[in-house]
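This report refers to the structure that appears directly beneath it.
Just so you know, all these numbers are worked out from the coordinates, no wet-lab data involved. What you see is a predicted model, and the numbers here were worked out from it, not measured in a lab. Here the Cβ is made from the backbone with ideal geometry for all residues, glycine too, and neighbour counts use every protein chain on show.
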Amino acid sequence: MHQNLYLYFRRLGHALLIISTICLLVCIVGYQTFDPVLWGWSGILLLIVGSLLLIVPGRLREHVAHQNNDICQQQATTRGWSAWLLGVVLTGFYVLLYWFPYTLQGLVFALEPLSQWLRQKPSDHWFVYGAFYTLAVMLMGVHALLKYRNNRYHLIRTCSVIFFQLGFAFILPGLLLAFNKPEFYFSYFWPLKYDYLFPSTVGYLVDNGAALGVFMVFWGAVVSFVATPVLTYFYGKRWYCSWVCGCGGLAETAGDPYRHLSDKSRKAWQWEVAIIYPILGFVIITTLALWVNSWSGGSLLGDLSGGFARTYGFFIGSIFSGVIGVGFYPIMGNRVWCRFGCPMAAYLGILQKHFSRFRITTNGGQCISCGNCSTYCEMGIDVRWYAQKGEPIIRSSCVGCGICAHVCPRGVLKLENGPRNDRYAGTILIERDSLQILS
């Protein structure tokens with residue numbers, strides 16, 4: 001693309017984003033004076049156009065081999081002032097969303113026409129959140145599609161997360177409400193969607209959804225306890241974490257520019273193990289306690305199990321997964337929640353580590369120790385250490401995104417679903433002393 005034309009699109013994109021921000025602020029702050037629908041949708045449309053003007057020319061201008069150029073020199077992707085500012089904005093948005101939703105009333109009014117058209121229900125702050133969440137996945141999905149356009153695996157994977165977020169996590173739940181059925185997210189399962197197997201939720205779905213509600217409960221239970229082990233055995237945790245999950249979808253699209261910020265230290269790995277598995281245990285204990293209390297009519301545990309559920313919902317469901325999990329993208333990388341807090345990731349990780357066919361094989365004889373694989377591992381795995389030794393990467397935290405293989409200049413890494421026999425066997429390395437050329 002011609003340099004002058006690229007600069008024109010870039011400046012126009014920045015100008016539209018500034019105007020979009022002003023429109024959205026007017027919608028939020030001045031909705032009682034100004035038309036929130038007009039200002040809100042003007043801001044959203046300008047946000048879409050401005051973002052595309054920055055994303056499309058910028059990605060197409062760069063050769064496929066140069067997509068990560070200067071990423072470690074830019075303020076926005078190296079914990080500079082703009083990264084901290086974005087982190088504060090994202091964190092602030094989640095704080096308002098969870099604890100001060102009335103402050104977002106302007107956006108609620110702005111999206112009222114969309115909510116009525118899709119759900120036949122009034123808009124609320126959770127619909128606002130779902131709409132902007134989906135928009136972020138779609139816009140930054142375009143970014144990922146162009147960035148990895150020479151890799152079929154990443155093109156399909158990115159289209160998959162966009163499809164599941166738009167179709168299964170936004171449109172389908174809205175249509176269920178439009179037909180007076182319980183809102184249900186078919187792409188989220190226990191233990192990530194921890195309350196889907198709580199007695200209160202099961203009772204609500206069965207009582208209000210009739211046959212469909214029974215199917216929802218059946219679907220959630222079967223996927224959690226049957227489909228998840230089977231799919232993880234064949235494909236590893238990547239089938240969910242990098243292809244279906246909405247949290248992973250946001251991380252792989254909107255969070256992609258920050259994947260290199262993940263902490264690769266051993267201390268971070270120790271914290272990961274020390275936090276994520278107790279959270280999984282907390283979900284299991286809470287679910288069991290609620291069912292025991294339900295069956296006993298509250299005579300055994302009283303409100304203790306309910307206290308467990310409220311505690312988990314506040315500290316893990318709200319603060320960890322939302323405020324920290326997304327708000328800290330520009331500072332700690334894009335998989336903070338997936339790596340340290342997600343109970344579904346812990347569950348899948350145990351299956352992947354001990355019962356799966358999935359592994360990333362390494363051809364150590366070809367490794368030049370450039371470190372690209374470790375740098376861009378969003379889960380903080382020191383991939384280079386395995387590659388140098390020719391050992392397969394079988395880690396419970398690996399989400400199988402495949403970026404390590406994509407950025408390797410020598411084709412050292414390969415994602416495989418091979419037989420479990422000799423799963424941990426490394427490639428045979430030819431040592432220099434073994435080559436007796438002159439003998």
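Per the Kirkwood formula on distinct C-alpha pairs, the Rh of segment 1-62 is how many angstrom? Walk me through the intermediate numbers first.
Details: mean 1/r = 0.0821 Å⁻¹.
After inverting the pairwise mean of 1/r, the radius is 12.2 Å.
Taking only Cα atoms and a 10 Å spring cutoff, compute GNM fluctuations for the chain and point out the largest among Tyr102, Tyr148, Tyr185.
Residue with maximal mean-square fluctuation among Tyr102, Tyr148, Tyr185: Tyr102.
Could you pull out the pairs from Lys353/Lys389; Lys147/Lys353; Lys181/Lys353 whose alpha carbons sit more than 28 Å apart here? Intermediate values should be presented prior to the final figure.
Working: Lys353/Lys389 19 Å; Lys147/Lys353 30 Å; Lys181/Lys353 39 Å.
Violating the 28 Å Cα-Cα cut-off are Lys147/Lys353; Lys181/Lys353.
List the residue ranges in the chain for DSSP H helices whose C-alpha atoms run 15 angstrom or more along the long axis and whose Kyte-Doolittle average is -1.0 or above. Intermediate results must be reported in sequence, preceding the final value.
On the way: long enough: 3-29 (39 Å, 1.44); 36-61 (37 Å, 1.51); 81-99 (27 Å, 1.51); 125-147 (33 Å, 1.19); 152-163 (16 Å, 0.61); 199-222 (20 Å, 1.15); 266-295 (44 Å, 0.89); 343-355 (17 Å, 0.50).
Once both thresholds are applied, what remains is 3-29, 36-61, 81-99, 125-147, 152-163, 199-222, 266-295, 343-355.
If you stretched the chain out fully between Asn208 and Phe100, how much longer would it get, using 0.36 nm times the residue separation minus the C-alpha to C-alpha distance? Working shown, then result.
Numbers: separation 108, 0.36 × 108 = 38.88 nm, distance 2.94 nm.
That pair, Asn208 and Phe100, stretches by 35.9 nm at full extension.
Take the Cβ-Cβ distance between Lys389 and Phe163 as r, set R0 to 56 Å, and report the resulting FRET efficiency rounded to the nearest 0.05.
Working: r = 38 Å, r/R0 = 0.68.
The formula returns an efficiency of 0.90 here.
At a threshold of 8 angstrom on Cα-Cα distance, excluding pairs fewer than six apart, so keeping six or more, what relative contact order does segment 92-169 reach in percent? Could you put the intermediate results ahead of the total?
Details: 42 pairs, mean separation 16.0, N = 78.
Here the relative contact order equals 21 percent.
Using a simple spin-label model with points 7 Å from Cα along the Cα→Cβ vector, what separation in nm is obtained for Arg357 and Val29?
5.8
Computed over the Cα atoms of the chain, what is the ratio Rg over Rh, Rh following Kirkwood? Working shown, then result.
On the way: Rg = 23.5 Å, Rh = 23.6 Å.
The Rg/Rh ratio comes out at 1.00.
Could you give me the ³J(HN,Hα) list for segment 378-384, computed from phi with Karplus coefficients 6.51, -1.76, 1.60 and θ = phi - 60°, whole Hz, x at Gly and Pro?
6, 9, x, 7, 7, 4, 4
What FRET efficiency would be calculated for the residue pair Ile284, Tyr153, taking the C-beta separation as r and a Förster radius of 25 Å, to the nearest 0.05? Could the numbers behind the result be given before it?
Values: r = 34 Å, r/R0 = 1.35.
Approximately 0.15, to the nearest 0.05.
Which of the listed residues, Val407, Gly418, Tyr386, is farthest toward the dipole's positive end in segment 358-439, when Lys, Arg count +1 and Asp, Glu count -1 at the beta-carbon?
Most positive-ward Cα: Gly418.
From the residues Leu205, Gly174, Ser374, which one has its Cα farthest along the dipole of the chain in the positive direction, the dipole being from +1 and -1 charges on Cβ of Lys/Arg and Asp/Glu about the Cα centre?
Checking the options against the dipole of the chain, the answer is Ser374.
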